[in-house]
Amino acid sequence: MWSALLEDTAGTTNTGAGNDWFLWIFIGVIVVAFIVYLFFSGRKNKARQQEYVEQLEAIRPGHKVKTAGGICGIVVEVCDDNTVIIETGSENSGKSYVKMDKELIAQTDAKGPTQIAREEAEAKRKAEKEAKEAAKRGESAPAAEAPAQEQPAQEEAPASEEENKEEK
């Protein structure tokens with residue numbers, strides 16, 4: 001394709017006018033595609049950054065964290081000045097405490113509101129999908145309700161065994 005464009009620029013003036021429009025349209029499409037890419041890339045990065053900030057705000061004592069430097073530990077205290085105290089080590093090797101900035105935390109098991117909402121939506125979609133599949137198979141009750149119905153039957157069985165023991 002590039003060779004065709006190079007030939008057009010070095011070609012005769014008879015066919016050059018039609019190919020000039022093609023070249024400008026091609027360049028315009030590339031520029032528009034680049035702008036669209038930057039727009040959507042920026043939105044995705046902004047959403048990822050917002051989720052990271054929410055996750056840092058959700059950190060409480062007891063959460064497991066891993067720092068950017070690779071230190072793993074459990075949060076003992078969250079200070080007011082945007083720092084946390086992390087407990088590392090074990091009983092055998094000896095525990096140590098590290099005070100560091102929240103921004104240095106790379107991973108955590110804390111979940112922010114956005115992540116919780118996303119997980120709830122995924123669980124709801126999964127339940128709806130299972131209900132649709134159950135309806136296609138012709139089952140009247142969803143799979144989630146079936147174990148709940150079996151549990152009372154299991155509870156009744158030990159009661160009847162106890163009655164049998166009392167009768168003997």
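Throughout, read-outs are computed from the coordinates displayed, never taken from laboratory work. If you're wondering where the values come from, they're calculated on a predicted model, not measured in any experiment. Positions of Cβ are generated from backbone atoms using ideal geometry, with glycine treated the same way; all protein chains shown enter the neighbour counts.
Structure notes:
- Distance between modelled label sites at Lys95 and Ile35, nm, 7 Å Cα→Cβ extension: 5.8 nm
- Built amide H within the under 5 Å cut-off of His63, gap 5+: Val75
- Summing Lys and Arg as +1 and Asp and Glu as -1 over all other residues whose Cβ lies under 14 Å from the Cβ of Gln115 gives a net charge of -4.
- Under 23 Å from Lys95, Cα to Cα: lysines that are on another chain or at least 8 residues apart: Lys64, Lys66
- Of all lysines in the structure, those lying under 20 Å Cα to Cα from Lys132, and not within fewer than 8 positions of it along the same chain, are Lys124.
- At R0 = 41 Å, FRET efficiency that the Cβ-Cβ distance of Leu104 and Ala131 yields, to 0.05: 0.40
- Within the shell defined by Cβ-Cβ distances under 12 Å, the residues around Tyr37 carry a net charge of +2, with Lys and Arg each +1 and Asp and Glu each -1.
- By the count of neighbouring beta-carbon atoms within 10 Å, fewest first, Thr83, Thr67 end up ordered Thr83, Thr67.
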